[in-house]
Structure formats: C-alpha cells, structure tokens
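A.B. asks: Below are the structure tokens for one structure; questions will follow.
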Amino acid sequence: MMKLKDKLPLDAVASVLAADAGEAWTRMSEFPGYNRRVWRDEARVHVRKLDPEARIECLPSSWDGREGMCFIRRD
C-alpha cells in the first residue's frame with residue numbers, strides 16, 4: 001500500500017499502479033499517451049479511495065496538447 005505525500009506527482013502513483021499490473025511506464029508513449037492517460041485515471045481513482053481529502057491539481061496543458069504535470073495535494 002502506497003502512502004500519499006503532499007506534492008507527490010500523480011505520475012508516480014500511476015507508474016506504481018502500472019508496474020503492479022505488469023506494465024512498464026517507461027515503455028508507454030508520452031504522446032499521444034493513451035496508455036499513460038488510462039493509468040493516470042486509475043491513479044486518480046486510487047487517490048480518492050485512499051485519501052478522500054486529497055485533491056489533484058494539474059498544470060495547464062502545453063501548446064502541443066500534452067497534459068500538464070499533476071500533483072496530489074493534501075491539506
């Protein structure tokens with residue numbers, strides 16, 4: 001079980017979940033990044049179950065459509 005820390009990148013949680021399922025995060029394409037997006041969605045669900053008080057904040061998307069980096073914030 002992963003402990004959540006403030007300012008933890010969402011990708012860190014997503015990569016651990018992917019690894020637990022036998023997927024290699026580093027082998028997934030960054031753009032368009034469909035597989036990574038699926039694991040980021042799984043990470044969001046995981047965070048909400050683990051800590052309902054946590055919130056996920058994302059930087060704006062870049063000019064080429066790539067998602068901005070997301071962080072888990074805890075008060």
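A.B. asks: What number of residues within the range 4-21 are touching a Phe, Trp or Tyr at 6+ places or on another chain (Cβ under 9 Å) and in contact (Cβ under 8 Å) with a residue 60 or more places away in the chain?
C.D. replies: 5
A.B. asks: Tally up the residues in the range 25-45 that are surrounded by 13 or more Cβ atoms within 10 Å (Cβ to Cβ), farther than 21 Å from Lys7 by Cβ and either over 14 Å from the mean Cα position of the chain (by Cα) or among the small types (Gly, Ala, Ser) (or both), please.
C.D. replies: 1
A.B. asks: Now for a different question. Being of a type in the set (Gly, Ala, Ser) and either touching a Gly at 6+ places or on another chain (Cβ under 7 Å) or without any contact (Cβ under 8 Å) to a residue 24 or more places away in the chain (or both) narrows it down to one residue among Ala43, Ala24; which is it?
C.D. replies: None of the others qualify; the one that does is Ala24.
A.B. asks: Every residue in the range 46-75 that is within 24 Å of Glu23 (Cβ to Cβ), open to solvent by 70 Å² or more (accessible area, probe 1.4 Å) and of a type in the set (A, V, I, L, M), please.
C.D. replies: Listed by number, the list holds a single entry, Met69.
A.B. asks: Here's a check for you: in the range 3-24, which residue that is open to solvent by 40 Å² or more (accessible area, probe 1.4 Å) and out of contact with any strand residue (DSSP E or B) (no Cβ under 9 Å at 6 or more places or on another chain) is modelled with the lowest pLDDT?
C.D. replies: Lys3
The values are calculated or read from the model by the stated rules, or taken from the named source; none is laboratory data. Because the structure is predicted, anything quoted here is derived from the model rather than measured. Every residue, glycine as well, gets a Cβ built from its backbone with ideal geometry; the counts of neighbours run over all protein chains shown. Accessible surface is based on the protein model in full, side chains and every heavy atom, while ligands, DNA and RNA are left aside. Shrake-Rupley method; radii C 1.70, N 1.55, O 1.52, S 1.80 Å.
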